[in-house]
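The values are calculated or read from the model by the stated rules, or taken from the named source; none is laboratory data. Quick caveat: nothing in here was measured; it's all calculated off a predicted structure. Cβ placement follows ideal geometry from the backbone for every residue including glycine, while neighbour counts extend to all protein chains displayed.
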Amino acid sequence: MPAFSPVTLTTERLTLRSIEKSDADAHFAIFSDPAVMRYWSSVAWTDMAQAHAEVQRTLDAYADGSTLCLGVVLRATGEMVGVVTLYSIHHESRRCGLGYALAQAHWGKGYLGEAVATMLAHGFGELNLNRVEADVDPRNSASEKLLQRMGFQKEGYMPQRWIVNGEVGDTVFYGLLRSGWENR
Ligand SMILES: CC(C)(COP(=O)(O)OP(=O)(O)OC[C@H]1O[C@@H](n2cnc3c(N)ncnc32)[C@H](O)[C@@H]1OP(=O)(O)O)[C@@H](O)C(=O)NCCC(=O)NCCS
């Protein structure tokens, strides 16, 4: 699969940019918070080694073209406060999954709405995607609202799809077609 060249996307308040090795601390701050990880598919990180490993996976995935993870940076301060990811990119089907996380201190200000809309514009535009999918815990109402605002449609319900640290969780499965994005 083709490699991803470095990407920088700009919104009113944010820069979305490719991850660098020096972003491990920012990753750890986000993914070590149990509140951020409450409905994630794994438990909160406890070791900086997990952040270094994640950054390395991200760099490897740029090289093999399988996943595009961008850091969400506040333009006002230069602080990286989140990530938005197009993952499991299936090039022939022009399809991928969407993931995102934002540091708790910045929730409720519309930042991730701004970031996800920009990433989707890049995905359906530059990357010529036809379909984007999202897997959400039904208790994660902020995430469902965000997807619905982007035009995602509820496509299915999968009971007991996840078991994280012994806790069983369901999935609401969402999809957004290119036509849905263009007509939202
Ligand atoms: C989900 C998440 C990315 C939302 O980011 P955000 O920047 O706070 O999102 P927004 O400010 O654009 O808000 C999105 C919607 O959720 C609502 N919302 C925000 N916080 C909420 C909360 N705690 N409970 C319920 N709704 C909430 C907002 O009012 C908004 O609704 P609207 O579209 O009707 O206006 C953020 O809460 C997060 O990182 N959560 C932890 C990681 C996570 O769950 N990722 C998604 C996994 S599928």
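Taken over the range 132-146, the criterion of being of a type in the set (Lys, Arg) and in a loop (DSSP other than H, G, I, E, B) is satisfied by ARG139 alone.
Of all residues in the range 88-104, none satisfies being in a loop (DSSP other than H, G, I, E, B), within 25 Å of ILE30 (Cβ to Cβ) and without any contact (Cβ under 8 Å) to a residue 60 or more places away in the chain. One residue stands out in the range 97-130 among those that are touching a helix residue (DSSP H, G or I) at 6+ places or on another chain (Cβ under 7 Å) and farther than 22 Å from GLU12 by Cβ: the one that is nearest to the ligand (Cβ to nearest atom), namely LEU129. The selection criterion, being free of Cβ contacts under 8 Å to residues at least 12 places away in the same chain, surrounded by fewer than 16 Cβ atoms within 10 Å (Cβ to Cβ), small (Gly, Ala, Ser) and more than 15 Å from the ligand (Cβ to nearest atom), holds for SER22. Filtering GLU133, GLU79, GLU144, GLU167 for residues that are farther than 22 Å from SER42 by Cα and either crowded, with 16+ Cβ neighbours inside 10 Å or of a type outside the set (Lys, Arg) (or both) leaves a single hit, GLU79. Against the test of being within 16 Å of the chain's Cα centre (by Cα), within 16 Å of the ligand (Cβ to nearest atom) and surrounded by 13 or more Cβ atoms within 10 Å (Cβ to Cβ), the options THR11, THR67, THR58 yield a single qualifying residue, THR67. Selection of first residues in the range 173-184 that are under 13 Å from ARG94 (Cα atoms) and of second residues that are outside any strand (DSSP E or B) and at pLDDT below 95, restricted to Cβ pairs under 9 Å at least 6 apart or on distinct chains, gives the following pairs, ordered by first then second residue: LEU176/ARG184.
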